[in-house]
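Worksheet for the structure shown next.
The values are calculated or read from the model by the stated rules, or taken from the named source; none is laboratory data. Please read these numbers as outputs of a predicted model, since none were measured by experiment. Neighbour counts run over all protein chains shown; Cβ positions are idealised from the backbone, glycine included.
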Amino acid sequence: MSVIICLVTCPSQEVAGSLAKGIVDRQLAACVNILPGVQSIYRWQGSVCVEQECLMIIKSTSERQDDLKRAILEEHPYEVPEFIALDTLEVSGPYAQWIMDSVGHKGIPGC
């Protein structure tokens, strides 16, 4: 089991806040940072779009990844929500322990 970082864009700070509260309440994530004012330029249905969005930076664990992804995909208003999970190369021991404890794990294997 390891700490992961997930990236999810949202159409507004309100949507991001609601999603973040839900996943933290259900212990699918330890923490979510919401960065407002992200400009996204992307191709959608043959057109190039330019939109203002919010970016969620979600801290969780590999064990919670599937449930976290399912929650985001089910509750997100976009037809095709972004969900990108990144492995971490290094996380300080105390911070990793806090993440594990926050999502219901005890102890960090290998640390």
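Results, tabulated for the structure shown:
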quantity	calculated
Odd one out for D87 among (1) free of Cβ contacts under 8 Å to residues at least 40 places away in the same chain; (2) closer than 12 Å to S2 by Cα	(1)
Enumeration of residues in region 1-26 that are assigned to a loop (DSSP other than H, G, I, E, B) and at pLDDT 95 or above	P11, S12, R26
Matching strands (runs of 3 or more DSSP E) fully within region 27-108 where at least 1 residues are touching a Gly at 6+ places or on another chain (Cβ under 7 Å)	31-44, 47-61
Failed item in (1) farther than 15 Å from I4 by Cα; (2) in contact with a strand residue (DSSP E or B) (Cβ under 9 Å, 6 or more places away or on another chain); (3) modelled with pLDDT under 95, with E82 passing the rest	(3)
Yes/no for L73 being closer than 18 Å to M100 by Cα and not hydroxyl-bearing (S, T, Y)	no
Complete set of residues in region 37-79 that are within 22 Å of E14 (Cβ to Cβ), of a type in the set (D, E), in contact (Cβ under 8 Å) with a residue 24 or more places away in the chain and out of contact with any strand residue (DSSP E or B) (no Cβ under 8 Å at 6 or more places or on another chain)	E75
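This table checks each residue for (1) over 15 Å from the mean Cα position of the chain (by Cα); (2) at positive phi; (3) buried (at least 17 other Cβ atoms within 10 Å of the Cβ).
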site: A16; (1), (2), (3): no, no, yes
site: K21; (1), (2), (3): no, no, no
site: G37; (1), (2), (3): yes, yes, no
site: S47; (1), (2), (3): yes, no, no
site: I58; (1), (2), (3): no, no, yes
site: D66; (1), (2), (3): no, no, no
site: I72; (1), (2), (3): no, no, yes
site: E79; (1), (2), (3): yes, no, no
